[in-house]
Amino acid sequence: MMPAIPTPYSSRGFTLVEMAMVLMIVGILLGGLFVPLSAQMEQRKVTETQKSLEEIREALIGYAVINGQLPCPADPTLASGAANAGVPKTGTPPCTGANSTGVIPWVTLGVNETDAWGNRFTYRTDPNYADAVGTTFVCTPASTPSNSSFALCTTGSYTVLSAAAGGTNVALSIPAVVISHGKNGAGAYTQSGALIPASSNADEIENSDGNADSNYVSHSQTTGYDDMLIWVSNNVLLNRTVMAGKLP
């Protein structure tokens, strides 16, 4: 039997119009996939950074329990791998108001140097919690702890607000604050020790103004604001220090 001869209709390929329509449909489908994938990747970075922040908080409290003081910040301008990079600044006393802001001493604490976007964590500690052990505190009752740089009557200097202007109090009397400057990195230091220019957002400016004041801002991420904060609670820190026998 002779094979069937294809008709003109059965052998016809796609026309240019049909090809264009197929490509358009495929493009729409792929575009719909890429947007959720991008959002998922960004959410993963947020989750990873939040985990790092929680680990840093526990490391700070652990350091205080062992050493009787919080660590001084590391010099943010030193590149990774340089001498003294990632270790607390030195001085007498270790932390004064002028050098109480920097980056997390990641080498000393054994934590991540950067957030999920590759920028260092800003860290500020109250000098009363990071000065010499045995400092006398003029408070009620007066106290000179022999195993701690702070006393039961010590209160932190920092305040966390819900907004830079007109915000409500989120946390008071905070001894230490740690900040990830988020995806835009505004106000953060890179691993090379370079400072990323500050944001124009008022809430982010509050988190990157160094020693200008004692206020910080924490709220859900919105347009122009993608910072992430954790802080050490004064009550938790004192409780852990008492349980470890460093106080009173």
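The values are calculated or read from the model by the stated rules, or taken from the named source; none is laboratory data. Note that the structure is a prediction, hence the values are computed from the model and not measured. We place every Cβ from the backbone using ideal geometry, glycine too, and count neighbours over all the protein chains shown.
Residue 94 falls short on exactly one of the conditions (1) out of contact with any strand residue (DSSP E or B) (no Cβ under 6 Å at 6 or more places or on another chain); (2) touching a residue at least 60 places away in the same chain (Cβ under 8 Å), and that condition is (2). Examine the range 109-131 for a residue that is in a helix (DSSP H, G or I) and either among the β-branched types (Val, Ile, Thr) or under 21 Å from residue 228 (Cβ atoms) (or both), and state whether such a residue exists. Yes: the range 109-131 contains one or more residues that are in a helix (DSSP H, G or I) and either among the β-branched types (Val, Ile, Thr) or under 21 Å from residue 228 (Cβ atoms) (or both). Restricting attention to the range 56-108, which residues are within 15 Å of the chain's Cα centre (by Cα) and either aliphatic (A, V, I, L, M) or over 18 Å from residue 230 (Cα atoms) (or both)? 56, 59, 60, 74, 76, 103, 104, listed by residue number. Among the residues examined, residue 237 does not qualify as of a type outside the set (D, E, K, R), at pLDDT below 95 and buried (at least 17 other Cβ atoms within 10 Å of the Cβ).
With respect to the conditions (1) over 18 Å from residue 213 (Cβ atoms); (2) crowded, with 19+ Cβ neighbours inside 10 Å; (3) at pLDDT 90 or above, residue 191 falls short on a single one, namely (2). Taking the criterion of being farther than 18 Å from residue 67 by Cβ and of a type in the set (Val, Ile, Thr), the residues of the range 97-153 that qualify are 101, 103, 114, 122, 136, 138, 140. When the range 135-166 is limited to residues that are assigned to a loop (DSSP other than H, G, I, E, B), in contact with a Ser or Thr (Cβ under 7 Å, 6 or more places away or on another chain) and of a type in the set (S, T, N, Q), the one that is nearest to residue 228 (Cα to Cα) turns out to be 162. For the range 77-89, state whether one or more residues are outside any loop (DSSP other than H, G, I, E, B) and at pLDDT below 95. Yes - at least one qualifying residue is present in the range 77-89.
Matching residues to (1) part of a helix (DSSP H, G or I); (2) modelled with pLDDT of 95 or more; (3) among the aliphatic types (A, V, I, L, M); (4) surrounded by 13 or more Cβ atoms within 10 Å (Cβ to Cβ):
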| position | (1), (2), (3), (4) |
| --- | --- |
| 203 | yes, yes, no, yes |
| 211 | no, no, no, no |
| 216 | no, yes, no, yes |
| 220 | no, no, no, no |
| 231 | no, yes, no, yes |
| 242 | yes, no, yes, yes |
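Within the range 65-95, the residues that satisfy the criterion of being surrounded by 15 or more Cβ atoms within 10 Å (Cβ to Cβ) and among the β-branched types (Val, Ile, Thr) are 65, 87. Among the residues of the range 80-93, is any touching a Gly at 6+ places or on another chain (Cβ under 6 Å) and under 19 Å from residue 210 (Cβ atoms)? The answer is no; no qualifying residue exists. Condition (residue is polar (S, T, N, Q), within 31 Å of the chain's Cα centre (by Cα) and more than 12 Å from residue 95 (Cβ to Cβ)) applied to the range 137-145: is it met by at least one residue? Within the range 137-145, none of the residues are polar (S, T, N, Q), within 31 Å of the chain's Cα centre (by Cα) and more than 12 Å from residue 95 (Cβ to Cβ).
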